[in-house]
1. Can you tell me which residue in segment 19-67 is farthest from Ile82 (Cα to Cα), limited to those that are of a type in the set (Val, Ile, Thr) and within 16 Å of the chain's Cα centre (by Cα)?
2. For segment 42-89, enumerate the residues that are exposed (fewer than 11 other Cβ atoms within 10 Å of the Cβ) and part of a loop (DSSP other than H, G, I, E, B).
3. Just checking, which of Lys93, Lys103 is assigned to a helix (DSSP H, G or I) and more than 21 Å from the chain's Cα centre (by Cα)?
4. I need the full set of residues from segment 24-41 which are closer than 20 Å to Glu64 by Cβ and either exposed (fewer than 12 other Cβ atoms within 10 Å of the Cβ) or not β-branched (Val, Ile, Thr) (or both), in order please.
5. Would you call Asp102 assigned by TED's automatic domain parsing to the domain that holds Ser14, exposed (fewer than 11 other Cβ atoms within 10 Å of the Cβ) and not hydroxyl-bearing (Ser, Thr, Tyr)?
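The values are calculated or read from the model by the stated rules, or taken from the named source; none is laboratory data. Computed from a predicted structure; not experimentally measured. So basically every Cβ, Gly included, is an ideal-geometry build from the backbone, and we count neighbours across all protein chains shown.
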Amino acid sequence: MDIEQIKEVIQKFSDDRDWDKYHSPKNLVMALSGEVGELNEIFQWLTEEESNNLSSDGLQHTKEEVADIAIYLLRICMKLDINLEEVILEKMKKNEEKYPVDKVKGKFKKYTEL
């Protein structure tokens, strides 16, 4: 994935429509939350098995919502000058410390309960 290319496409889309003025971090977070809600709706009443075996229409809808979520997340990063790759790697290091394999393998407890 070429995040820089994707960010350019997102920025051009926004610039072409003069929408940058609406894309404050607050508004983008609210939009992101709405898109996560739309993804949640797809899975809300499905069984575990159904959620693992979406219909082609369900999978297409899921892809579109995942794309919307990624777009808004990247837009937030663009607005706040956050390097997404860097912060993900930093967070994974913290997660490794909070969830050592020897204490959590096969368990689902939060690190505060270990």
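1. Residue satisfying both the conditions and the ranking: Ile42.
2. The answer is Gln44, Trp45, Thr47, Ser55, Asp81.
3. Only one candidate passes the filter, namely Lys103.
4. Leu28, Met30, Ala31, Leu32, Ser33, Gly34, Glu35, Gly37, Glu38, Leu39, Asn40, Glu41
5. When the stated conditions are applied, Asp102 does not pass them.
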